[in-house]
Amino acid sequence: MGMNSTPGLETVKIQNVCVFCASSSRAPADYMEAARELGGILAREGWGVVYGAGGAGLMGRLADGALAAGGRVCGVIPEFMLEMEWGRQDLTEVEVVDTMHRRKARMLERADAVVALPGGCGTMEELLEAITWKRLSLFSGPILLVNTRDFFAPLMEQLRRAVDQHLMNDRHRDIWRSVKHPGDVPRALRTFPPWPENARHFAAL
């Protein structure tokens, strides 16, 4: 249990948190700071960070924050990215995989919860795949969006539209939640409603 936990409120037990975020070094400064802050918060809670092993952009700041706070950071990276020298070697653990598909799978397999920070198409792809996995009961943990500067508002509106137009089940609204600030993440993860064990039975309804 992390140092800031609230006894009696936990609905989810967490050891490792997978974080999806941008690798761009040109991202806005407040996005960068949110990534560093999140890394430190997760580490102080005693949760390991699982991410894509990058050293630049939000990915690098996330790792900086976690490592500076004494946290455990596992990076999962495809071999071709290491050959491009996009990987970071000062992490607690680096797992090298053969494909991008395997990378996404391993990140989710190693995690009890997912947190998304702002990012581009890669981050969106990872996040939507996690949502799809949860819909199909392949992953059951919390999925939380840190909605800095309302970055995720259009995506959440699109997902709500999919539900409203019966392309997804009403219960799928509970797959994800959002918070405004990294400091809101620990409580939001701990009190996230448990996902039904029979979710696969209404995945296509």
Touching a residue at least 60 places away in the same chain (Cβ under 8 Å) and on the phi > 0 side of the Ramachandran plot: is that true of R149 in this structure? yes
Can you confirm whether the stretch 129-140 contains a residue that is closer than 18 Å to M59 by Cβ and in contact with a helix residue (DSSP H, G or I) (Cβ under 7 Å, 6 or more places away or on another chain)? yes
Restricting attention to the stretch 23-80, report how many residues are assigned to a loop (DSSP other than H, G, I, E, B), surrounded by fewer than 20 Cβ atoms within 10 Å (Cβ to Cβ) and among the charged types (D, E, K, R). 2
Odd one out for Q15, checked against (1) buried (at least 20 other Cβ atoms within 10 Å of the Cβ); (2) more than 17 Å from G119 (Cα to Cα): (1)
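Would you point out which residue out of D30, D90 is over 27 Å from T132 (Cα atoms) and touching a Lys or Arg at 6+ places or on another chain (Cβ under 8 Å)?
D30
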Please work out if G60 is closer than 14 Å to R88 by Cα, at pLDDT 95 or above and touching a strand residue (DSSP E or B) at 6+ places or on another chain (Cβ under 9 Å). yes
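Okay, residues lined up against (1) of a type in the set (D, E); (2) within 23 Å of M107 (Cα to Cα); (3) buried (at least 20 other Cβ atoms within 10 Å of the Cβ):
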position: F152; (1), (2), (3): no, yes, yes
position: R160; (1), (2), (3): no, no, no
position: V179; (1), (2), (3): no, yes, no
position: T191; (1), (2), (3): no, yes, no
Output for the stretch 153-190, where each listed residue is without any contact (Cβ under 8 Å) to a residue 60 or more places away in the chain, among the hydrophobic types (A, V, I, L, M, F, W, C) and either in contact with a Lys or Arg (Cβ under 9 Å, 6 or more places away or on another chain) or closer than 16 Å to E37 by Cα (or both): L159, V163, L167, M168, I175, W176, V179, A188
Consider E157 against the criteria (1) more than 16 Å from V19 (Cα to Cα); (2) part of a loop (DSSP other than H, G, I, E, B): it satisfies all of them except one. Which criterion is unmet? (2)
Counted residues in the stretch 96-105 being among the basic types (K, R) and surrounded by fewer than 17 Cβ atoms within 10 Å (Cβ to Cβ) come to 1
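The values are calculated or read from the model by the stated rules, or taken from the named source; none is laboratory data. Here the structure is a predicted model, which means the values were calculated and not measured. Every residue, glycine among them, receives a Cβ derived from its backbone with ideal geometry; neighbour counts consider all protein chains shown.
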